[in-house]
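Asks: Please read through the structure below; I'll follow up with questions.
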Amino acid sequence: MPKQVSLVVGAAAILAAAFAWWAFPRAGRDTGATRDTSPSAAPAQGSSTPAPNAGRRAVAAASRSVSQSLDPRPFIEVRAELERLAEAGDAHAALRLGRTLAQCNGYVPMTDAQLEDFVVDVSAVGMSLVTSEGRQQTPEALLETLKLGFAQKRLDCRDTGALHDADARTKALRWIERSAALGNADAQALYGSTAFSSYDARDALVDAENLREHKRRAIDYLQKSLAQGDALALLELHRSYSTGTLYPADAAAAYAHLYAYSLTPRASELAPELLERTLASHAKALDAQGLQRARDEGRRLAACCGGAAGEAP
């Protein structure tokens with residue numbers, strides 16, 4: 001029974017984890033956050049933009065750095081090289097390290113058939129199927145949730161290999177923080193969710209000052225990421241308005257930022273069914289007029305990040 005309980009808890013958490021994280025972009029894929037890839041192009045402390053007049057030498061160095069840190073080989077094969085590059089100031093290498101450790105540590109692939117067998121097994125022994133919000137789930141609803149979550153994890157962790165670091169969260173924050181400080185827009189967007197991933201109510205009381213500093217820095221980085229036109233910041237703002245982590249919980253703002261993200265090219269990085277279901281779930285909290293206002297606001301917000309004017313999925 002303890003083994004089954006552990007599996008339920010881990011699997012149920014996958015959907016939330018998958019929504020906040022996805023795979024590091026491959027070479028040749030534009031993320032809108034590639035201006036900070038070399039030490040020579042790193043911004044001054046406290047700045048979110050690259051140093052001016054870096055010149056051809058910096059551009060060439062950045063190109064080499066990008067090609068190395070976007071290596072398509074499995075993570076376990078290039079990890080040592082990524083760590084060397086990240087220590088030398090490669091923001092993309094540090095981002096890949098941080099994302100992979102945060103998203104994929106301990107991930108074990110499961111097929112849809114294995115998920116179905118799992119749900120049948122836990123239902124047969126009378127286990128209570130409860131969401132993270134405390135709501136009871138039917139076996140059918142749990143299976144749908146797990147299938148969506150694992151579909152996203154298969155995208156996120158397809159080139160990772162077996163990864164079982166004991167202190168993955170600490171390492172992930174270290175690399176994300178390093179990348180964000182170098183001006184990488186993705187890392188700046190993800191800093192908050194990484195920093196708060198291991199906090200609980202007890203930590204908020206015992207380490208309140210450190211928590212406040214993480215919150216201040218996360219908000220500052222989110223704004224810098226938006227200023228660089230990074231759609232990932234829209235997704236992270238949706239998450240914050242949904243949970244009340246950085247800003248007061250606001251259903252309309254949560255939907256507007258998610259809708260804005262769905263209008264950007266980077267929406268393709270989420271499993272389509274996952275994005276569609278999450279949009280529909282948040283829409284239920286709004287009446288017809290509120291939903292229309294949130295969509296109008298979402299279209300306005302999407303303009304920061306290459307968003308189209310059309311309707312989301």
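Asks: Going Cα to Cα from K284, which aspartates and glutamates come in below 14 Å? Please leave out same-chain ones fewer than 8 positions away.
Replies: Hits, sequence-local ones excluded: D250, E276.
Asks: Right, something else. What ranking of Y107, Y259 emerges when the number of other C-beta atoms within 10 Å of each C-beta is taken as an exposure proxy, fewest first? Walk me through the intermediate numbers first.
Replies: Working: Y107 20, Y259 26.
Going from sparsest to densest Cβ surroundings: Y107, Y259.
Asks: How do the peptides 182-192, 164-174 rank, highest first, by the average count of neighbouring beta carbon atoms within 10 Å per residue?
Replies: Numbers: 182-192: 28.6, 164-174: 15.1.
Ranking the peptides 182-192, 164-174 by packing returns 182-192, 164-174.
Asks: Let me ask something additional. For K224, give me every one of the lysines with a C-alpha distance below 26 angstrom, ignoring sequence neighbours fewer than eight places off in its own chain.
Replies: K224 reaches K171, K215.
None of the figures in this text is laboratory data; all of them are computed from the coordinates on show. Small disclaimer: the values here were computed from a predicted structure and weren't measured. Reconstructed Cβ throughout: ideal geometry from the backbone, glycine too, with neighbour counts over all protein chains shown.
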